[in-house]
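Bear in mind that the values in this text are calculations on the coordinates, not laboratory data. Source: prediction; values computed, not measured. Neighbour counts are summed over all protein chains in view; Cβ atoms, including those assigned to glycine, are modelled from backbone coordinates with ideal geometry.
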């Protein structure tokens with residue numbers, strides 16, 4: 001029985017040594033895996049730090065751009081307004097000159113029109129249509145003088161004499 005106990009003890013010792021070897025081997029593997037995981041976590045932490053830093057810088061740039069854009073936009077708008085005003089001044093002056101020219105032309109035209117209207121009013125009617133010549137034509141016609149002679153005597157055309165006679169229903 002001693003022999004069996006010795007074998008059992010040796011087997012137990014071999015098992016303990018095997019178990020210790022197994023634990024040490026597994027601990028090395030686990031330790032290696034933990035180190036690689038720790039390294040990956042550390043790398044990720046560094047990348048996050050760099051990305052956070054870059055993000056903060058980009059946010060600062062965006063913020064400064066947003067602040068400068070309204071100022072630049074306002075200055076651009078003001079400059080554009082000045083340029084439009086500078087360009088519109090000569091156009092406005094030209095339009096004023098054209099308006100003055102048209103006013104002068106309109107005034108001249110109105111004066112000419114008034115002058116022509118006055119001239120038309122002052123034009124005398126032909127002598128054959130006036131009342132005195134009509135009476136002379138009628139009296140001579142009633143005296144029996146021929147139309148040609150009446151026209152020659154009163155210095156009228158034959159048509160004018162005939163016209164006066166037709167108006168007065170004598171012929």
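Numbers at a glance
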| item | result |
| --- | --- |
| Calculated FRET value between residue 27 and residue 7, using beta carbons and R₀ = 35 Å, to 0.05 | 0.75 |
| The chain: angle of helix 2-122 to the longest principal axis, Cα-based, in degrees nearest 10 | 10 |
| Candidates 16, 89, 161: whichever shows maximal mean-square fluctuation once the chain is modelled as a Gaussian network with Cα springs under 10 Å | 16 |
| Among 64, 94, 31, residue whose mean-square fluctuation peaks in a GNM of the chain (springs only between Cα atoms under 10 Å) | 31 |
| Label assignment, P(r) over Cα pairs in 10 Å bins from 0, in percent derived from the structure, set (i) 9, 26, 28, 22, 10, 4, 1; (ii) 9, 36, 34, 17, 4; (iii) 7, 11, 7, 7, 7, 6, 6, 6, 6, 5, 5, 5, 4, 4, 4, 3, 3, 3, 2, 0 | (iii) |
| Segment residue 82-residue 97, extension gain: residue separation times 0.36 nm, minus the distance between their alpha carbons | 3.1 nm |
| Sum of -39500 (n - 2.57) over DSSP H runs of 4+, divided by residues of the chain (222 nm, nearest 500) | -32500 deg cm²/dmol |
| Cα gyration tensor category, rounded, prolate or oblate, for the stretch 1-42 with a/c compared to 1.5 | prolate |
| 0 to 90° range, to nearest 10: angle between helix 158-167 axis and the chain longest Cα axis | 90 |
| Most fluctuating residue given options 142, 111, 85, as computed from a GNM of the chain linking Cα atoms under 10 Å | 142 |
